[in-house]
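K.L.:
Quick one: the structure is below, and I'll ask about it shortly.
The values are calculated or read from the model by the stated rules, or taken from the named source; none is laboratory data. Note that the structure is predicted; figures quoted are calculated from it, not measured. Cβ sites come from the backbone with ideal geometry, for glycine too, and all protein chains shown count toward neighbours. Areas reflect the complete protein model, heavy atoms only, side chains present, ligands, DNA and RNA absent. Shrake-Rupley method; radii C 1.70, N 1.55, O 1.52, S 1.80 Å.
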Amino acid sequence: MTVAVVGASMTDFGERDAFVGELLSEAATGCLADAGVTADDLDALYVSNMASGEFEGTTGVVNALAHDIGALPAYTQRVDQTSASGGAGIFAAWQSVASGASDLTLLVGGEKMTHLSTARSADVIASLTHPVEYAHGVTLPAFGGLAARAYLETTTDADPARVREALAAVAVKNHDNARRNPRAQFQKEIDVADVLDSPVVADPLRLYDYCPVTDGSAALLFCPESVAREYTDDYVRVAGVAGATDTHVVHERADPTWMGAVAESAERTLEMADRHIADVDVLELHDMVSLLEPLQLEALGYADRGEGWRLAADGETTLSGPLPVNPSGGLKARGHPLGATGVAQAVELYRQLRGEAGDRQVDARRGLTCNVGGFGNCVTTSVLEVGP
Amino acid sequence: MSDRSGATDGTERPAADSDGLRAGECEKGHLTFPPHPVCPTCGEPQSETVDLSTRTGTVVTWTTSTTTPPGVREPNTLAIVAFEVGDRTVRALGGTTGDVDVGDAVRPVYVAELRDPEASFRTQASQRWDGYRFAPVEE
């Protein structure tokens, strides 16, 4: 059974006073209103959330949400796949409809993070690492620094300074996109010098290479394509969705700059969609750190290994380029509320494919999302396309 | 290098517990650090171990992390180090005791407490907190 998306919403991303329950409710009710349905129509409700228990001492968030929005007695389930929880939620929501178990499934991703210090928040996220990594105080940003040095010094043949500037250009581009997205955390233009002059976080990478800490929520509504027109004439089809897993221990990979699970997940997704990567018009990628954008472009097959940085350097991934990447602003500038991110990626494609993206609108009939957990540890991808 | 965790500073001492840097080896000779219940490559049990703590390794990549979690030294220079065991390569991640570059030779140095477990988010009793940092080998 082919699955359609018939509604979408997201809250403002950034520093919010609301905790996770209120954020989830805001996105959920926004999505139901967007599709013109009421919560008692739902057969299933999924919440993508990495760590509400760890961040704020609140568990059972999906049961609370179902009660708060009037979705009883819908089946409920929380989906945690660390930073890829949102994409895993898309997979779960798709499965619920494709299997025939649900005729209407609401997926809500959300996270509340900013009430903790950045150091504490980084430690909560680092708790996904293996004990032999965690004992050394490794963080996800530190994995970015380790991979970036390998990329600059051994993966690429190019002048390291030129590649370094191209990584900065990824952040500049995503900030430029985000200031056209009223829901994005950052509405501020930056330039390459701002990135290269910002404080070092994990040498050779700096503050503006990294996504911020973010609160926020996003939601999507799924149904069988056969009934999608009951909700909207401009529905979006889930042409493919899949996931894949790489090593838990990052240093066990032969090459820290190769995102193997991205390659595997995308291959499965495109096979399901019966499409080639060249058929994709727009991408929402997981730029937790600037380096991850070229690494995903390489794993997706847009560039050879060690060559993905050239797409940013040459301006090919801007809104007006041949391959727009992260029109929403990406994790870098839209923000990265862990469990919300994968959902927000698909919300952006829903808006783009319906021609509702305003100043950041690109010409696209098909888009791909790539949501990454850990440092490439677990990945989900989806291909969404114009429905009718 | 500052060490606000109060952990030992990596000064040389006998390898008090080489289990902290012992790779797992299966019957087919695949090596991993850390060991796993079964070999991730072939699924065979990892019936043997190889002590890496007495060997010299090579820096594959490194970073200096300047924003570290509670109880972790700041700055925290980390390296991925490759050890050649016969014709096989096995890698480990660890802090360094000094400045390193890609390709440098390093040797493991035992540290009884790598970070302050009481300040860590993870439950203290759930894992070990000693291990090996990597010291540059003088040419």
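K.L.:
Just to be sure I understand the model, the point goes 7 Å from the Cα along the line to the Cβ. What's the resulting A:Thr2 to B:Thr56 distance in nm?
P.N.:
6.4
K.L.:
Here's a follow-up. For Cα pairs less than 8 Å apart in space and 6+ apart in sequence, what is the mean separation divided by the residue count of the range A:157-216, i.e. the relative contact order in percent?
P.N.:
Taking the mean separation of contacting Cα pairs over the length of the range A:157-216, I get 27 percent.
K.L.:
Under unit Cβ charges (Lys, Arg +1; Asp, Glu -1), what dipole magnitude, rounded to 20 debye, does the range A:134-223 have relative to its Cα centre?
P.N.:
Using Cβ point charges on Lys, Arg, Asp and Glu, the range A:134-223 gives about 340 debye.
K.L.:
Give the relative contact order (percent, whole number) for chain A; include only Cα pairs under 8 Å separated by 6+ residues.
P.N.:
27
K.L.:
A further question follows. In debye, nearest 20, what is the charge dipole magnitude of the protein assembly as shown about its Cα centre with +1 on Lys and Arg Cβ and -1 on Asp and Glu Cβ, if you could check?
P.N.:
Rounded to the nearest 20 debye, it is 280 debye.
K.L.:
So, one more: What are the GluC sites (Glu not before Pro) within the range A:264-357 that DSSP puts in a loop, where the Cβ has at most 11 other Cβ atoms within 10 Å?
P.N.:
A:Glu356
K.L.:
To continue, here is another question. Residues of the range A:128-168 with backbone nitrogen within less than 12 Å of a virtual label 7 Å along the Cα-to-Cβ line of A:Asp304, please, listed as ranges.
P.N.:
It comes to A:156-158, nothing else.
K.L.:
What is the log10 of I(q)/I(0) for the range B:23-105, computed with the Debye formula using one identical point scatterer on each Cα and no solvent, at q = 0.22 Å⁻¹?
P.N.:
Calculated log10 I(q)/I(0) at the listed q: -0.97.
K.L.:
Taking a label point 7 Å from the Cα of A:His115 along the Cα→Cβ vector, which residues of the range A:51-87 have an amide N closer than 17 Å to it?
P.N.:
Correct set: A:51-62, A:64-65.
K.L.:
Name the residue farthest towards the positive end of the dipole of the protein assembly as shown from the options A:Phe143, A:Ala303, A:Pro182, assuming +1 on Cβ of Lys and Arg, -1 on Cβ of Asp and Glu, about the Cα centre.
P.N.:
A:Pro182
K.L.:
Taking the Cβ of A:Thr11 as the centre, find all other residues whose Cβ is under 9 Å away and add up their charges (Lys, Arg: +1; Asp, Glu: -1).
P.N.:
-1
K.L.:
Taking both sides together, what accessible area is buried at the B/A interface, probe 1.4 Å, expressed in Å² and rounded to the nearest 100?
P.N.:
Interface area, both chains combined: 3100 Å², rounded to the nearest 100.
K.L.:
Where does chain A land at 222 nm, in deg cm²/dmol rounded to the nearest 500, when only DSSP H runs of n ≥ 4 count, each adding -39500 (n - 2.57), divided by all residues?
P.N.:
For chain A, the value works out to -11000 deg cm²/dmol.
K.L.:
Indicate the residues belonging to the range B:108-127 that lose 40 Å² or more of solvent-accessible heavy-atom surface (probe 1.4 Å) upon moving from the chain alone to the assembly of all protein chains, ignoring ligands and nucleic acids.
P.N.:
By number: B:Leu114, B:Arg115, B:Phe121, B:Arg122, B:Gln127.
K.L.:
Just the projected area, averaged over all directions, of the convex hull on the alpha carbon atoms of the range A:66-118: how many nm²?
P.N.:
With the hull built on Cα positions only, its mean projection is 4.7 nm².
K.L.:
Looking at the range B:49-64, which residues lose a minimum of 50 Å² of accessible area between their chain alone and all protein chains in place, measuring with a 1.4 Å probe and not counting ligands or nucleic acids?
P.N.:
Listed in order, they are B:Thr61, B:Trp62, B:Thr63.
K.L.:
In percent, how large is the relative contact order of the range A:207-320, given Cα pairs closer than 8 Å and 6 or more residues apart?
P.N.:
Averaging sequence separation for qualifying contacts and normalising by length gives 24 percent for the range A:207-320.
K.L.:
While we're here: Rg to Rh ratio, the range A:198-293, alpha-carbon atoms and Kirkwood radius?
P.N.:
Result: Rg/Rh = 1.06.
K.L.:
May I pose another question? Cα-Cα pairs above 45 Å in the protein assembly as shown: how many percent?
P.N.:
13
K.L.:
Please list the equivalent ellipsoid semi-axes of the range B:76-139, computed as the square roots of five times the alpha-carbon gyration tensor eigenvalues, in descending order and whole angstrom.
P.N.:
Taking √(5λ) for each Cα gyration eigenvalue gives 25, 14, 9 Å.
K.L.:
On full extension of the chain, what length is gained from A:Leu196 through A:Asp68, given 0.36 nm per residue of separation minus the C-alpha to C-alpha distance?
P.N.:
Full-extension gain reported as 41.5 nm.
K.L.:
Using the Karplus equation 6.51 cos²θ - 1.76 cosθ + 1.60 (θ = phi - 60°), what ³J(HN,Hα) coupling, rounded to whole Hz, does each residue of the range A:336-347 give in order, writing x for Gly and Pro?
P.N.:
Coupling constants for the range A:336-347: 9, x, 2, x, 7, 4, x, 5, 5, 4, 6, 4 Hz.
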